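Trainee: To start, I am sharing the structure in question, which I have written as structure tokens.
The values are calculated or read from the model by the stated rules, or taken from the named source; none is laboratory data. All values derive from a computational prediction rather than experimental measurement. Cβ placement follows ideal geometry from the backbone for every residue including glycine, while neighbour counts extend to all protein chains displayed. With ligands, DNA and RNA removed, areas are computed over all heavy atoms of the protein, side chains included. Shrake-Rupley method; radii C 1.70, N 1.55, O 1.52, S 1.80 Å.
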Amino acid sequence: MNHGEPVDRVARIQADWRRERPDVDIAPQGVIGRLHRLAGRLTEELCLVYGRYGLGEGEFDVLCALRRAGEPYERAPGELAAHTMVTTGAMTKRIDRLERAGLVTRRRSDDDQRGRIVALTTPGRELVDRAFTDHMRNERRLVDLLTPAEAESLEALLTTWLARLEDPHRPGGD
């Protein structure tokens, strides 16, 4: 419900549905609708920073996955796909763009000549370090729209909900 906050687009949509379909419980739309709108707005805000570095969201994710790997900052394409939750086909396109930009290289795996390894170049590491610092500053700005207590509560709730959604067999997840 409203609880003194300004009426937003989701509340207006819910009011319409209550009028048109009073037989349907539209309460979940208050949570899901706002999360969906929030996710879209947050993505827009985050992509502004990626764009400053000539990167899309996907390229930024790949560079971060390589950087998080630690020295020598490399992973197999399948590992990158798993660490960024995209298909191997989408990963290939991202790696192609990053390679053309000189931010990563590809080579044959020493262990398996059929396999490939993707590695950050020095310019790639320098770029992702700058971009990540700016990205975290931007995330801080966005989270600071909440009080510390609100942010802590929200993180705990989202952690619980995500765990139950991703593993419905966990305790409390039925």
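Trainee: Hey, among the residues in the range 80-138 that are of a type in the set (Ser, Thr, Tyr) and open to solvent by less than 40 Å² (accessible area, probe 1.4 Å), which one's farthest from residue 67 (Cα to Cα)?
Mentor: Checked the range 80-138; the qualifying residue farthest from residue 67 (Cα to Cα) is 109.
Trainee: Pick from the range 24-60 the residues that are outside any helix (DSSP H, G or I) and among the β-branched types (Val, Ile, Thr): which of them is nearest to residue 91 (Cα to Cα)?
Mentor: 26
Trainee: Residue under question is residue 163, and the condition is that it be open to solvent by 60 Å² or more (accessible area, probe 1.4 Å) and either assigned to a loop (DSSP other than H, G, I, E, B) or hydrophobic (A, V, I, L, M, F, W, C) (or both); does it hold?
Mentor: So residue 163 does not fit the description; no.
Trainee: Considering only the range 24-39, I want to know if a residue exists there that is open to solvent by 40 Å² or more (accessible area, probe 1.4 Å) and either closer than 20 Å to residue 135 by Cα or in contact (Cβ under 8 Å) with a residue 40 or more places away in the chain (or both).
Mentor: Checked against the condition, which is being open to solvent by 40 Å² or more (accessible area, probe 1.4 Å) and either closer than 20 Å to residue 135 by Cα or in contact (Cβ under 8 Å) with a residue 40 or more places away in the chain (or both), the range 24-39 yields at least one hit.
Trainee: Just the residues that are open to solvent by 40 Å² or more (accessible area, probe 1.4 Å) and in contact with a helix residue (DSSP H, G or I) (Cβ under 7 Å, 6 or more places away or on another chain), please, taken from the range 53-76.
Mentor: Listed by number, the residues that qualify are 53, 57, 61, 67, 74.
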